[in-house]
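Before any comments, here is the structure.
The values are calculated or read from the model by the stated rules, or taken from the named source; none is laboratory data. For clarity, every value in this text was computed on a predicted model and none was experimentally measured. Because the Cβ atoms are built from the backbone with ideal geometry, glycine has one as well, and the counts that use them run over all protein chains shown. Quick note on the areas: whole protein, heavy atoms, side chains included, nothing else; ligands and nucleic acids left out. Shrake-Rupley method; radii C 1.70, N 1.55, O 1.52, S 1.80 Å.
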Amino acid sequence: MEALQANKTKQTNMKFTVSSSLLLKRLQLLSGVLNNNNPLPILDNFLFELNKGSLFIYACDLETTMTTKLEVESNSKGKIALPNKLLLDILKTFSEQPLTFSFEEKSHAVEISSDYGKYKLTGFDGEEYPSMPETKDMTTLSVSTSGLARAISKTIFATGADELRPVMSGVFCQLSKDNITFVATDAHKLVRYIRKDFSSSKEAAFILPRKPLNLLKTTLNEAGEMVDFSFNDKNASFDLGHTTLICRMIEGKYPNYQAVIPTDNPNRLTIEKGSLHSSVRRVSIFSNKSTHQVRFKIAGSELQISAEDIDYNNEAIERLGCTYSGEDLEIGFNARFLNEMLSNIDAQEINIEMSAPNRAGIITPTISDDNQEDLLMLVMPVMLNN
């Protein structure tokens, strides 16, 4: 009977040894999932699940789940939830060294042993942690890490923040056998980004939330050359090797973005992107602080960019050389939107196509530095103050 009791006690104890810097690096990646105000107190913790030599760590906010796998020295099995802030704070103080974690599964007592000493804290029952999202019946495609990173960075800045229109707070993905299209819009600006080297055996369309995409963008630096991108009717999953991110898709129908992009644009401006970006940034300093309006006046081979703030008697005018075909035109844009777009175009030269002062302008790179991508940006005009 005593031997049986001793064996039972032994099974409830968990122990593993891990590199302090590696653990900190992985937890910092996962910490981006956790919110300041979680709907469940248990979500303020990381879930540690130990399976002998493998340690799985989870972070979850009910919409996004991120998990990472580390190889550790251990012969134990079990799970426990550990407070994220306390754990990160102590790990940041250590130089690289092995740390030994000892858990008592029944009382949730935890002891951390380092070269400097021992530290005790209390964890929580790992069984209270939410179950992992459904990943059955998923379609999987392998995409290049660099291509996915570009798709996210070129679109995510254009997503909306209006809580009344949640579908516009994410990036719309349209999968086909020929390519994958990524679209983002906040009703003032729109970006359509097509990856020609991505394809899917199954045609699908869904909306990915902004938060997990931001997390993914930072985590992709840790991935290899390829990423497994999987999806079903509710969730999307990104397998980065040692780290996996699963997110719930945004429900709802995305606006018909194709209907918004004007096709008849007889006025075409070609200009060096760096010069235009610098000019807009300088001139916009003198613009009205509520409208951020800059005025484009195009005639012949000259683009005049101007802004004014009547309330403070501020005004700025610059002139740039350009190539232009079409009728003389005056049109106003929000300088903040223009600056965001120009910051996310890598080409040395861009085209701006326009039709009228009250119609959207289309911005495209003249020559893309990546022949596998097709980038189009749309910016709505603002009413000119005549």
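Residue pairs whose Cβ atoms lie under 9 Å apart, sitting 6 or more positions apart in sequence or on different chains, and linking a residue in region 296-311 that is outside any helix (DSSP H, G or I) to a partner that is open to solvent by 80 Å² or more (accessible area, probe 1.4 Å) and modelled with pLDDT under 95, are Glu308/Asn385; Asp309/Lys289.
Consider only pairs whose beta carbons are under 7 Å apart and that are at least six residues apart or on different chains; among these, list those whose first residue lies in region 218-247 and is of a type in the set (Lys, Arg) and whose second residue is open to solvent by 10 Å² or more (accessible area, probe 1.4 Å). Pairs that qualify, where the first residue is of a type in the set (Lys, Arg) and the partner is open to solvent by 10 Å² or more (accessible area, probe 1.4 Å), are Lys234/Glu134; Lys234/Arg248; Lys234/Met249.
Which of the residues spanning region 265-303 are over 33 Å from the mean Cα position of the chain (by Cα) and either surrounded by 15 or more Cβ atoms within 10 Å (Cβ to Cβ) or among the β-branched types (Val, Ile, Thr) (or both)? Steps first, please.
Applying the first criterion (over 33 Å from the mean Cα position of the chain (by Cα)) to region 265-303 yields 266-267, 297-303.
Asn267, Lys297, Ile298, Leu303 - these are the residues of region 265-303 that are over 33 Å from the mean Cα position of the chain (by Cα) and either surrounded by 15 or more Cβ atoms within 10 Å (Cβ to Cβ) or among the β-branched types (Val, Ile, Thr) (or both).
Filtering region 150-168 down to residues that are open to solvent by 30 Å² or more (accessible area, probe 1.4 Å) and under 17 Å from the mean Cα position of the chain (by Cα), which residue is nearest to Ser368 (Cα to Cα)? I'd like the intermediate steps shown before the answer.
Of all residues in region 150-168, those open to solvent by 30 Å² or more (accessible area, probe 1.4 Å) come to 150, 153, 157, 161-166.
If we keep only those that are under 17 Å from the mean Cα position of the chain (by Cα) as well, we get 150, 153, 157, 161, 166.
Values: Arg150: 13, Ser153: 16, Phe157: 20, Ala161: 29, Pro166: 32 Å.
Among residues in region 150-168 that are open to solvent by 30 Å² or more (accessible area, probe 1.4 Å) and under 17 Å from the mean Cα position of the chain (by Cα), the one nearest to Ser368 (Cα to Cα) is Arg150.
Filter region 17-67 down to the residues that are without any contact (Cβ under 8 Å) to a residue 24 or more places away in the chain and assigned to a strand (DSSP E or B) and list them by number. Steps first, please.
First, pick out the residues of region 17-67 that are without any contact (Cβ under 8 Å) to a residue 24 or more places away in the chain: 25, 36-39, 41, 53-54, 56.
Hits for region 17-67 are Ser54, Phe56.
Taking each residue of region 121-137 that is under 16 Å from Ser237 (Cα atoms) and of a type in the set (Lys, Arg) and looking for partners that are open to solvent by less than 30 Å² (accessible area, probe 1.4 Å) and assigned to a loop (DSSP other than H, G, I, E, B) with beta-carbon atoms closer than 9 Å, six or more apart or interchain, yields Lys136/Asn232.
Only residues that are in a helix (DSSP H, G or I) and either within 17 Å of Pro381 (Cβ to Cβ) or of a type in the set (Val, Ile, Thr) (or both) were counted across region 277-292, and they come to 3.
Yes/no matrix, rows are residues, columns are (1) under 20 Å from Thr145 (Cα atoms); (2) modelled with pLDDT of 95 or more:
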{"residue": "Pro209", "(1), (2)": "yes, yes"}
{"residue": "Pro212", "(1), (2)": "yes, yes"}
{"residue": "Phe238", "(1), (2)": "yes, yes"}
{"residue": "Ile246", "(1), (2)": "yes, yes"}
{"residue": "Ile261", "(1), (2)": "no, yes"}
{"residue": "Gly300", "(1), (2)": "no, no"}
{"residue": "Ile305", "(1), (2)": "no, yes"}
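Residues that are open to solvent by less than 60 Å² (accessible area, probe 1.4 Å) and more than 10 Å from the chain's Cα centre (by Cα) within region 203-219 comprise Ala204, Phe206, Ile207, listed in sequence order.
Restricting region 174-194 to residues that are of a type in the set (D, E, K, R) and farther than 18 Å from Ile352 by Cα, the residue that is least open to solvent (accessible area, probe 1.4 Å) is Asp186. Restricting Lys120, Lys106, Lys79, Lys85 to residues that are in a helix (DSSP H, G or I), of a type outside the set (S, T, N, Q), over 30 Å from Ser201 (Cβ atoms) and open to solvent by 20 Å² or more (accessible area, probe 1.4 Å) narrows the list to Lys85. Each residue in region 35-71 was checked for being surrounded by fewer than 22 Cβ atoms within 10 Å (Cβ to Cβ), over 28 Å from the mean Cα position of the chain (by Cα) and not hydroxyl-bearing (Ser, Thr, Tyr), and 3 of them qualify.
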